[in-house]
Amino acid sequence: MKDIKRFIGMAALAVLVIIAIVMGVRVANLVDLTRVEMATTPTPVPPTRNIMQVTIDPNAPTPPPVLRSGSQGEEVWQLQTRLQELGYYTSSVDGQFGPGTRSAVIDFQRQHGLDADGIVGEGTKAVLYSAAAQPKPTAPPTNPPTAVPEVIPAWVRSDGMPLLVNREHFMPQGYQPQELVDMSSYCPGNIVKIKYSGTQAERVAVDALIRMLKDAHTQGITVWQVSAAYRGESYQQQLFDQQVKEYMDKNDLSYADAVSATKLTVMEPGSSEHHTGLAFDITVPGVAFKGTEQAEWLADNCWDYGFIIRYAADKEDVTGILAEPWHIRYVGTEHSLPMRQQNLCLEEYIAKYGSY
Ligand SMILES: [Zn+2]
């Protein structure tokens, strides 16, 4: 009895094992089947794009390509390379006409008097690839003024003198010259005639003028007149406005054009040397000053008395003012003598030894 029980038990166990094995195989097969199915299901293929076919007619005239913001490709690549050579473009050459390229183009156009629109049309292109293309001017060095020990700032007084006054360097607003004297009463009448009563100038300059003209007399050059000296800003404004009005009335110019025309001959208020109280217009009554013996004597000798010929003929391109042999400016001999020796006008002298 005991044996039968054991046999049944063994048999049951065997059946269970067999069932388990069979089931296991089935499950394994199922898994495999799933795997096969997954592998054979085609993965979705993206639809093929429609590639536009552009037919180019080789005989059609090609319009000159205009490059502007948004342009790209070989032409832009060339443009950037050229602008980089000339120093206008500093970003990477990538063939993309972006804001950096545009501002480089505008820079270039401004430098060459072209319409600064940032668009490279025929005109800009012609200049850009010609020998007329100028490299970008390098900015003036911004050295701290302490780099040079003997600095002469553009505006020195008290009393290092050289006051640079021109179209770029205006007088400080409300500037008052030191110690103005009335020239008619101050100057000996036998030495110099003062054309307009009420003419004033700084004492230090008038003293030097008298010393100079006395010496001229001893050398036989005797007829001298002062036709202009100190001019206040409001008087200069008056002169300026008067000329503008004349251009508008007589030459039928617009206000803007009249102002531009006036700027060529009358200094803007604030930019006239005569505001300093240190400048004189020397004349000979009744004759044009240029070419007179007085003019020659002045050009040769004024330096020894602390004066300079402020607007010399050989410095027109620097001063931007047509030669004025009659206009002298007092700077003091410590400056006038080296300026004569080195043939420097005031702009050059200050650029060399001072700083703006
Ligand atoms: Zn003058």
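Points to keep in mind about this one:
- Test result for Gln178, modelled with pLDDT of 85 or more and either part of a loop (DSSP other than H, G, I, E, B) or surrounded by fewer than 16 Cβ atoms within 10 Å (Cβ to Cβ) (or both): yes
- Candidates are the residues of the range 323-340 that are within 16 Å of the ligand (Cβ to nearest atom) and aliphatic (A, V, I, L, M); the one that is surrounded by the most Cβ atoms within 10 Å (Cβ to Cβ) is Ile328.
- Residue ID - farthest from the ligand (Cβ to nearest atom), chosen from residues in the range 200-221 that are under 19 Å from Tyr305 (Cβ atoms) and among the polar types (S, T, N, Q): Thr218
- Counting the residues of the range 311-322 that are surrounded by fewer than 21 Cβ atoms within 10 Å (Cβ to Cβ) and within 13 Å of the ligand (Cβ to nearest atom) gives 3.
- Qualifying positions in the range 118-130 - part of a loop (DSSP other than H, G, I, E, B) and closer than 15 Å to Ser71 by Cα: Gly118, Ile119, Gly121
- Boolean, Glu202 is surrounded by fewer than 17 Cβ atoms within 10 Å (Cβ to Cβ), under 38 Å from the mean Cα position of the chain (by Cα) and modelled with pLDDT of 90 or more: no
- Only listed residue being touching an Asp or Glu at 6+ places or on another chain (Cβ under 6 Å), modelled with pLDDT of 80 or more and β-branched (Val, Ile, Thr), chosen from Val223, Val165: Val165
- Inside the range 200-244, residues that are under 26 Å from Arg167 (Cβ atoms) and without any contact (Cβ under 8 Å) to a residue 12 or more places away in the chain make up a count of 4.
- Taken over the range 316-356, residues that are among the basic types (Lys, Arg) and farther than 19 Å from Phe280 by Cα amount to 1.
- When the residues of the range 286-323 are filtered to those that are at pLDDT 95 or above and touching a Lys or Arg at 6+ places or on another chain (Cβ under 7 Å), the one that is farthest from Ala205 (Cα to Cα) is Arg310.
The values are calculated or read from the model by the stated rules, or taken from the named source; none is laboratory data. Just so it is clear, the structure is predicted and the values come from calculations on it, not from any experiment. Positions of Cβ are generated from backbone atoms using ideal geometry, with glycine treated the same way; all protein chains shown enter the neighbour counts.
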